[in-house]
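**Student:** Here it is, the structure in full.
The values are calculated or read from the model by the stated rules, or taken from the named source; none is laboratory data. Keep in mind the model is a prediction, meaning the values are calculated, not measured. Cβ placement follows ideal geometry from the backbone for every residue including glycine, while neighbour counts extend to all protein chains displayed. SASA here: full protein model, heavy atoms, side chains in, ligands and nucleic acids out. Shrake-Rupley method; radii C 1.70, N 1.55, O 1.52, S 1.80 Å.
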Amino acid sequence: MSTSPGGSADLPSYAEVEAALLSRWPESKLDPSLDRIRLLTELLGDPQRTYEVVHLTGTNGKTSTSRMIDSLVRARGLRTGRFTSPHVEAMTERISLDGEPLNDQDFVDAYLDIAPYLSLVDERSEHPLSFFETVVGMAFSVFADAPVDVAVVEVGMGGSWDATNVADGHVAVVTPIAVDHASYLGSSPEVIAVEKAGIIKPGARVVTAEQEPEVLAVLAERAREVGASIVQSGVDFGVVSRAAAVGGQVMTLRGLHGEYEDVFLPLYGPHQAHNAALALAAAEALGDDEPLSDEMVRQAFEEVTSPGRLEVVRRGPLVLLDAAHNPHGIAALVEAVRDSFTLDPVVGVVGVMADKDVEGMLAELEPLLSEIVCTKNSTDRAMPAEELAEVARDLFGEHRVTVARRLDDAIEQAVTLAETGGAASQSIGSGGVLVTGSVITVGEARTLLRGGRT
């Protein structure tokens, strides 16, 4: 807390609020209970019950799909709040109003609004409120104060025990379910699906991506138990056609109530087209049974952004950032790069978390990358660069693996390799750099490449 010259306490700065939040239980430390967040929201007057909620779970694609739903709902003239996690560069990204993240001062104000209640919850609970629970409380309160018509809310992890699950989603969206966070959620998709199905509430409309049969059976059973209806991509809606285009792709989408042709999406890869179909169906499910206007749908998708999701941040050589952090996400990334770019060589800058399926991720990357520069991000959870390189050498061979302990050095080395054609002497001048492996790695790279400091 800063103080004025006279000694009285000033309002805290953004940095001080950020520090206060980070001093709480981290997102990686879980206690499966909704008791603390439920007590907090009750003290706040249950703000999450004052607007309609679109609740998203799944393994990959949640943030991009959330941003698309947000854009579609706003195009209908409704006011939106959006909660996503984790952030790429700044904590303020987690809470958005009308498509824009809170500025620093609004974020501070949101914290101060709920701060008097935090100690009350801490005192009454076995464990204090976590970082994530506190930010969820901030978001729900901000959305009620705005007020918003619709809140688009992404789970942090899982579903049933996620802090966001004190909200009852009018529409429950399930992106593709695969294995991630296995130590927390389970080692098979169908086991993980049980936890994620917990966001399906009585009377909700469930909109799901294409899923493995075992996963779909879990979701359908949960929907039956609570009296929810369910629609599935590839059956009730989906991608009719898509083609890569300059700056993204052009799609024809079949929604729940109509077909929409020549829709431009400024994001790359077939997986983003399927995210778009999922978002469209969710937006339709939120309204009546009438199709959305073609012009509204086109405008909404044209305005979508998703930082750190196969994002072009520099050219000459091309530098791409993608926050994929599990084998399923990396497989979609590899397909998207091949679909949308012609690069030779592709040099990878990879920094991962130690608790991830590192071998599985590298196995998916190996056919795409000519060389890999192993590095680490700034967090304690990151795998050391040398350990990552040991795994990489088994898959890539010694001659294709480089180690750079600092991320800025890793990017510099990769750029040089891409410019010169790399060790395998590919054509000079047509190469690219792909930074991936973790949201934090990508966020720090984005800050570096956009002229900031990590």
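**Student:** For residues in region 250-274 being in a helix (DSSP H, G or I) and open to solvent by 10 Å² or more (accessible area, probe 1.4 Å), which is nearest to Ala300 (Cα to Cα)?
**Tutor:** His274
**Student:** Still on this structure: Do we find that Thr63 is in contact with a Pro (Cβ under 8 Å, 6 or more places away or on another chain) and of a type outside the set (A, V, I, L, M) in this structure?
**Tutor:** So Thr63 does not fit the description; no.
**Student:** Of the residues in region 276-316, how many are part of a helix (DSSP H, G or I), touching a helix residue (DSSP H, G or I) at 6+ places or on another chain (Cβ under 8 Å) and open to solvent by 10 Å² or more (accessible area, probe 1.4 Å)?
**Tutor:** Of the residues in that region, 3 qualify.
**Student:** Can Val239 be described as in a strand (DSSP E or B), at pLDDT 95 or above and in contact with a Pro (Cβ under 9 Å, 6 or more places away or on another chain)?
**Tutor:** Spelling it out, Val239 is indeed in a strand (DSSP E or B), at pLDDT 95 or above and in contact with a Pro (Cβ under 9 Å, 6 or more places away or on another chain).
**Student:** Turning to a different aspect of this structure: Please go through region 329-345 and pick out each residue that is open to solvent by 10 Å² or more (accessible area, probe 1.4 Å), under 17 Å from Arg315 (Cα atoms) and not charged (D, E, K, R).
**Tutor:** Ser340, Phe341, Thr342, Leu343
**Student:** Among (1) of a type in the set (D, E, K, R); (2) in a loop (DSSP other than H, G, I, E, B); (3) farther than 21 Å from Leu56 by Cα, which single condition is Glu210 missing?
**Tutor:** Single failed check for Glu210: (3).
**Student:** From the residues in region 286-317 that are free of Cβ contacts under 8 Å to residues at least 60 places away in the same chain and hydrophobic (A, V, I, L, M, F, W, C), which one is nearest to Leu449 (Cα to Cα)?
**Tutor:** Selected residue: Val312.
**Student:** Still on this model: Which count do you get for residues in region 194-232 that are polar (S, T, N, Q) and open to solvent by less than 10 Å² (accessible area, probe 1.4 Å)?
**Tutor:** 1
**Student:** Give Pro384, Pro345 a once-over and let me know the one that is more than 23 Å from Gly61 (Cβ to Cβ), more than 20 Å from the chain's Cα centre (by Cα) and in contact (Cβ under 8 Å) with a residue 60 or more places away in the chain.
**Tutor:** Going through Pro384, Pro345 in turn, the sole match is Pro345.
**Student:** For region 63-73, what are the residues that are within 9 Å of Val150 (Cβ to Cβ) and either open to solvent by 10 Å² or more (accessible area, probe 1.4 Å) or in contact with a Gly (Cβ under 7 Å, 6 or more places away or on another chain) (or both)?
**Tutor:** Across region 63-73, the qualifying residue is only Asp70.
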